[in-house]
1. Which pairs have Cβ atoms under 8 Å, sit 6 or more apart or on different chains, and link a residue in region 34-52 that is of a type in the set (Gly, Ala, Ser) to one that is exposed (fewer than 12 other Cβ atoms within 10 Å of the Cβ)?
2. Which of the residues spanning region 102-114 are of a type outside the set (Asp, Glu) and either touching a Ser or Thr at 6+ places or on another chain (Cβ under 9 Å) or under 15 Å from Val79 (Cβ atoms) (or both)?
3. Among all residue pairs at least 6 apart or on different chains, which show Cβ distances below 7 Å where the first residue, located in region 1-18, is touching a residue at least 40 places away in the same chain (Cβ under 8 Å) and the second is in a helix (DSSP H, G or I) and of a type in the set (Phe, Trp, Tyr)?
4. Being of a type in the set (D, E, K, R) and surrounded by fewer than 21 Cβ atoms within 10 Å (Cβ to Cβ) is the filter; apply it to region 121-142 and report the residue that is farthest from Asn85 (Cα to Cα).
5. List the strands (runs of 3 or more DSSP E) inside region 143-191, counting only whole elements, that have at least 2 residues being surrounded by 19 or more Cβ atoms within 10 Å (Cβ to Cβ).
6. Looking only at residues that are among the polar types (S, T, N, Q) and more than 16 Å from Asp164 (Cα to Cα) in region 9-53, which one is nearest to the chain's Cα centre (by Cα)?
7. Gly112 - would you say it is touching a Lys or Arg at 6+ places or on another chain (Cβ under 6 Å), in a loop (DSSP other than H, G, I, E, B) and more than 19 Å from Asn8 (Cα to Cα)?
8. Could you pull out the residue among Met29, Met1 that is in contact with a strand residue (DSSP E or B) (Cβ under 9 Å, 6 or more places away or on another chain) and modelled with pLDDT of 95 or more?
Amino acid sequence: MKKSDIRNSFKEKRLQLTTAQIEKMDDLMLIHFQKLSIDIPALIMTYSPIKKFNEFDPQLITDYCYFKKPDQQLFYPVVIEEGENCEMRAVIVDDNTFFETNKYGIDEPIDGIDMIPSEIDMFIVPLLAFDKKGNRVGYGKGYYDRFLKQCRKDCIKVGFSYFDAVEKIEDFNKYDIKLDYCITPERIFTF
């Protein structure tokens, strides 16, 4: 399947999920994340979910990480659009950080200190779908792939999906960054 077809299909599939289904699947994915054979890192990039699309909310995961490693630091993305130049930056957040909803319906920190991408240890990457080789389909703007190129090679990239992997994303290209893990309610995919 091509990214545009996958994107449309999985947006629709997620919208069909009930709150009860989402809560059950979130719990199952947290249990699978707890089974990953990784050390919980200190510097974690995460994101605010797009609630109107029933996007996975990684707060369960970051709360667990904080429980395991209380000195962790979280970073959230902020999208900067200036004409045709579009980029994403990582901003350090804490309990006192204020968020504001951007034009895409995503909550972003409105202040904070920028983080150098090469310092990030683990990245919780949003996605709509993924394939059996670790390729992901996002919303099509390319912000995350461009940002991930600036991260270290050993930065752990984890995705969470309510659905199983598609067989193959046909139009995956050299600019797309693969996941290291994708966690579903049923299992952990390792790439």
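1. Going by the 8 Å Cβ cut-off, the qualifying pairs are Ala42/Asp71.
2. Asn102, Lys103, Tyr104, Gly105, Ile106, Pro109, Ile110, Gly112
3. Partner pairs satisfying both residue conditions: Lys11/Phe53; Arg14/Phe53.
4. Lys132
5. Result: 156-160, 181-183.
6. Thr46
7. It is false that Gly112 is touching a Lys or Arg at 6+ places or on another chain (Cβ under 6 Å), in a loop (DSSP other than H, G, I, E, B) and more than 19 Å from Asn8 (Cα to Cα).
8. Met29
The values are calculated or read from the model by the stated rules, or taken from the named source; none is laboratory data. Just so it is clear, the model here is predicted, and its values are computed rather than measured. For neighbour counting, all protein chains shown are included, and Cβ atoms are generated from backbone atoms with ideal geometry for every residue, glycine included.
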